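Report on one structure; see the data block that follows.
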Amino acid sequence: MTSKNEVTTMIASEEAERTPSPQSEMSEEDKSKDVFFVQLAELTEAMIAAHGKDFAIGALVLSAKFVAEGKPLIKRADGSDRSAGAEKPN
């Protein structure tokens with residue numbers, strides 16, 4: 001018997017074979033964003049594997065809330081709570 005995940009993977013794989021890769025047409029900024037989405041996906045999968053779906057959802061929502069409110073996400077080793085990088089304008 002084929003699991004739901006295996007079927008989803010097979011469908012996605014078949015669609016990927018039929019769809020030309022847009023990465024060659026992507027701007028440098030879009031390529032950079034794509035890398036971050038992959039990293040976010042891998043981190044999310046790790047959180048789900050370690051602590052479950054509810055934890056992953058809560059962590060992502062809380063992070064999004066902090067970003068929206070301009071709050072720091074972590075406390076830096078130097079004691080500051082500044083963001084690691086300069087903010088990009090909206």
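The values are calculated or read from the model by the stated rules, or taken from the named source; none is laboratory data. Everything quoted here is computed from the prediction, not taken from an experiment. All Cβ positions, glycine included, derive from the backbone under ideal geometry; neighbour counts span all protein chains shown.
What pairs can you find where one residue is in the range 17-44 and under 22 Å from L62 (Cα atoms), the other is modelled with pLDDT of 95 or more, and their Cβ atoms are less than 6 Å apart, with a gap of 6+ or different chains?
Note: pairs meeting the criteria are T44/A56.
Only one of A64, A50, A68 is modelled with pLDDT of 95 or more, surrounded by 10 or more Cβ atoms within 10 Å (Cβ to Cβ), part of a helix (DSSP H, G or I) and not aromatic (F, W, Y). Can you tell me which?
Going through A64, A50, A68 in turn, the sole match is A64.
Can you name every residue in the range 5-47 that is hydrophobic (A, V, I, L, M, F, W, C) and at pLDDT 95 or above?
Across the range 5-47, the qualifying residues are V35, F36, F37, V38, L40, A41, L43, A46, M47.
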